[in-house]
Amino acid sequence: MDASPETLVDFHTHSHFSDGVLSPAALVERARTRRVGTLALTDHDTTAGLAEARAACAAAQIHFVPGVELSAQWRGQTIHIVGLQVDESHAGFLSHLDAVLQRRQERLREIGERLEKRARLPGRELAARAAIATAPTRLHLARLLVEGGHARDTQEAFDRWLNRDKAGHVPAEWPALTAAMTVLRDSGAIAVLAHPHRYRLSSGQLRELTAAFAQEGGAALEASMAGMSPNDADRIASLCRRFKLHASMGSDFHDPAVPWNPLGRWLKLASGLEPVTNCLPEPRR
Ligand code: AMP
Ligand code: MN
Ligand code: MN
Ligand code: MN
């Protein structure tokens, strides 16, 4: 793939098919005005936006990489795995996504029940509305809590109602890391460990997670993300070198109203790191 170091790339973005706010076409238009040359759409546990994004990228002459961000469980923690160059017609992959969708709907229903019983909020109604989304997440519910005047913003909705030890907390039960890695491999995609600096893990635990990820055939760590401190970047770069993983880069863009993570990252990386562009598979025909 042709990607000079001067090109802006983005291998982690969301549309309104999961918890982003823009349509895929509007996301691509924004990428075009930002001069992003390569763009992956990586909605949570859904491929529903890929066809629209692919068509818009073709029209805008942007190199498109079909992606997904899978939720997975490792030692009781929620871990996100970005899959790049997914085959969205692969049957095993689609049935995995379908099972996760059912879990998401069921979890929202339970959260709604708890908010109703423990916090006397109209939880059932709000959860039912949130669950209509193509890939419903707790962020959908947080937005409805804000709309209903139960929190000032989505961060407060999480802090007050949804986070651990709050009335509406329901632990997630995602497929095991191994299952997510298997389904990505089967669909011809490479696996990227998303935002490794954001998990609540000690350095030792993060090293063990990275070892498990590499052992399962993982290809890259997200090593250049908006909002990463120099210290985080150093830690992740060391893990890439130690486990011989490539480095991916993305914004995790959800919403144009969040000014600190614009679309597009530079390909330039710390010495010794190989960009994920060097290990992207060819699209399946
Ligand atoms: P879910 O996959 O349903 O657990 O929802 C996860 C999504 O909610 C994440 O991808 C974020 O977009 C958002 N989210 C999770 N935790 C928080 C938080 N503490 N504050 C704000 N947004 C959050
Ligand atoms: Mn999200
Ligand atoms: Mn994530
Ligand atoms: Mn994301």
| message | If I model a spin label at Q215 and T33 as a point 7 Å from the Cα along the Cα→Cβ vector, what separation in nanometres do I get? | response | 4.8 nm
| note | Extension length gain for S229 and S202 (0.36 nm per residue less Cα distance), in nm, is 8.1 nm
| message | Only Cα pairs within less than 10 Å get springs; with that Gaussian network setup on the chain, which residue of T78, T13, T47 has the largest fluctuation? | response | T78
| Distance between modelled label sites at V146 and L94, nm, 7 Å Cα→Cβ extension | 3.5 nm
| remark: Which residues qualify? For E222, with a placed amide H closer than 5 Å and at least 5 residues away or on another chain, they are L193, H195, S248
| query | Which listed residue (V183, T38, I111) has the Cα farthest towards the positive end of the charge dipole for the chain, taking +1 on Lys and Arg C-beta and -1 on Asp and Glu C-beta about the Cα centre? | reply | I111
| note | Length gained if V258 through D153 is fully extended, taking 0.36 nm per residue and subtracting the Cα-Cα distance, is 36.6 nm
| Angle, helix 50-60 long axis vs. longest principal axis of the chain, Cα atoms, 0 to 90°, nearest 10? | 50 degrees
| task | Would you be so kind as to identify which of L144, S71, G168 lies farthest towards the positive end of the dipole of the chain, taking Lys and Arg as +1 and Asp and Glu as -1 on Cβ and the Cα centre as origin? | result | G168
| task | Could you check which residue among P24, P230, P171 shows the biggest mean-square fluctuation in a GNM of the chain with a 10 Å Cα cutoff? | result | P230
| note | Mean projected area (nm²) from the convex hull of Cα positions in region 97-162 is 3.9 nm²
| message | How much of the DSSP bridge set in the chain is antiparallel, in percent, rounded to the nearest 5? | response | 45 percent
| remark: Counted neighbours (other Cβ, 10 Å), sorted fewest up, put L201, L145, L162 in the order L201, L162, L145
| message | With just the Cα atoms defining each centre, how far is region 34-91 from region 215-262? Give it in Å. | response | 16 Å
| query | What are the ³J(HN,Hα) values, in whole Hz, obtained from phi via the Karplus relation 6.51 cos²θ - 1.76 cosθ + 1.60 with θ = phi - 60°, for each residue of region 274-281 in sequence order, with x given for Gly and Pro? | reply | 9, x, 4, 4, 7, 10, 6, x
| note | Rg from C-alpha atoms of the chain, normalised by the globular rule of thumb 2.2 N^0.38 Å, equals 0.98
| query | What 222 nm value per residue comes from the helices of the chain, counting each DSSP H run with n ≥ 4 as -39,500 (n - 2.57) and dividing by all residues, nearest 500 deg cm²/dmol? | reply | -12000 deg cm²/dmol
| said: Nearest 5 percent is fine: what portion of the DSSP beta bridges confined to region 43-86 is antiparallel? | reply: 90 percent
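Taken together, the values in this text are just the output of simple stated rules run on the coordinates, not laboratory data. Being a predicted model, the structure only gives us computed values, none of them experimental. Note that each Cβ is placed from the backbone with ideal geometry, even for glycine, and that neighbours are counted across all protein chains shown.
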